[in-house]
1. Is it true that Asp36 is of a type outside the set (Val, Ile, Thr) and either within 27 Å of Arg172 (Cα to Cα) or surrounded by fewer than 15 Cβ atoms within 10 Å (Cβ to Cβ) (or both)?
2. Suppose the filter is over 21 Å from the mean Cα position of the chain (by Cα) and acidic (Asp, Glu); does Glu157 pass it?
3. Could you pull out every one of the helices (runs of 4 or more DSSP H) wholly within region 24-115 that has 3 or more residues that are of a type in the set (D, E, K, R)?
4. Based on what the data block shows, is Ser66 assigned by TED's automatic domain parsing to the domain that holds Glu174, closer than 30 Å to Arg183 by Cα and surrounded by fewer than 18 Cβ atoms within 10 Å (Cβ to Cβ)?
5. Is there a residue being surrounded by fewer than 16 Cβ atoms within 10 Å (Cβ to Cβ), under 17 Å from the mean Cα position of the chain (by Cα) and at negative phi anywhere in region 41-56?
6. Which one of these does Glu157 not meet: (1) modelled with pLDDT of 90 or more; (2) loosely packed, with under 13 Cβ neighbours inside 10 Å; (3) farther than 30 Å from Ile55 by Cα; (4) among the charged types (D, E, K, R)?
Amino acid sequence: MIYVGEQTFKNWKAAKECARNILNSYDMGVNISRKDQEFLTSALRLRGSEGEQKIGCEIKRIYIGSDGYEKRCFYLERNDGSTTDFSYIKCFSGHTKRSKKSPKMKDFEAACRTAIMSDKIEVGRESNIDNVDVHHEQIPFKELVKTFIKERQIKLENVKFLGHEDNSTVIRFEDEQLENDFRVFHDNNAILVPLSKEEHKKRHKNHTVNHDY
């Protein structure tokens, strides 16, 4: 059993799922309940100094907003009136089994996702599917990223990122040319296919698709 604030979960995956459900259970712009806020505040503290920086002079409210790419994300308003976004995934990334990556690698993957976000949105819009997800056919996204790093002989320690400051909803490369290079590489090598969220989740559960959004 693990504890996040006053709530108990059988494992970290269940705690992360609870946060995801909170994100999807409120309308855009709506403040979450006091109970949910206390849970997410405790989750933020799991991030150590980075989480404390997000919390700042204590949280007045947490509400649902957009990350700028038609995706939901959490925002918090501090007691001094300042606001910032935060990722519930990062709150648990140091505890789940999928977290055995360096912070630099996590940022690199996130920046690569940002680079292709507009392409994925376009694929989703062109489909006739409601509540659509876009996944990578044949070659998983993470394998594409690894191949790109290897082919370009990129040293992660030399790559700089933007997006950790307040109100930056996505991680991106500081070097715009690197962002464009990955987008071109992805366009030449990836196959993007739209699926309903339900079908995507079902296939992922059966391990028949890579769960990349």
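The values are calculated or read from the model by the stated rules, or taken from the named source; none is laboratory data. A quick note: this is a predicted structure, and the numbers were derived from the prediction, not measured. Neighbour counts are summed over all protein chains in view; Cβ atoms, including those assigned to glycine, are modelled from backbone coordinates with ideal geometry.
1. No; evaluated as a whole, the condition is false for this residue.
2. So Glu157 passes the test.
3. Working: elements: 34-45, 49-55, 88-92.
Where helices (runs of 4 or more DSSP H) fall fully within region 24-115 and carry at least 3 residues being of a type in the set (D, E, K, R), they are 34-45, 49-55.
4. No; evaluated as a whole, the condition is false for this residue.
5. Scanning region 41-56 turns up at least one residue that is surrounded by fewer than 16 Cβ atoms within 10 Å (Cβ to Cβ), under 17 Å from the mean Cα position of the chain (by Cα) and at negative phi.
6. (3)
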